[in-house]
Amino acid sequence: MSNYHEPSNELSEKTKSLTRALNSLKEEIEAVDWYNQRVDVEKDEALKGILKHNMIEEIEHACMTLEWLRRNMEGWDDHLKEFIFKEGEISH
């Protein structure tokens, strides 16, 4: 199965890199969700701590990928500056 919706031979290398980053970001966020659910139900405190550590590492990976997207894909920088680390209402 391909991650591309258009013929890959017609896509630029930049678009292929962006697709890799976007798919990686989706996967990292999905992993955060999985670990968060596991932490929520785990009774063994030692395992819970390991799972929480793993979740935090997935958040780190997602943040690094998001920063790469901010630097390399149009639109991310402007919108992140508009919404991230701001007080008050999030939506317009």
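None of the figures in this text is laboratory data; all of them are computed from the coordinates on show. The structure displayed is predicted, hence computed values, not measured ones. Glycine also receives a Cβ, built like all others from the backbone with ideal geometry; neighbour counts cover every protein chain displayed.
Bridgeable lysines around Lys81 (alpha carbons under 30 Å apart, same-chain partners fewer than 8 residues away excluded): Lys14, Lys16, Lys26, Lys52. Length available on full extension from Asn36 to Met73: 0.36 nm per residue minus the Cα-Cα distance, which gives 10.4 nm. Neighbours of Ala46 by Cβ distance under 14 Å: Lys/Arg scored +1, Asp/Glu scored -1, total +1. Kirkwood radius, the chain, all distinct C-alpha pairs, inverse of mean reciprocal distance: 15.5 Å. The residues neighbouring Thr65, those whose beta-carbon lies less than 12 Å from its own, together hold a net charge of -1 under the Lys/Arg +1, Asp/Glu -1 convention.
Calculate the spin-label point distance for Ile56 paired with Leu80, positioning each point 7 Å from the Cα along the beta-carbon direction, and give it in nanometres. In this crude spin-label approximation the distance works out to 2.2 nm.
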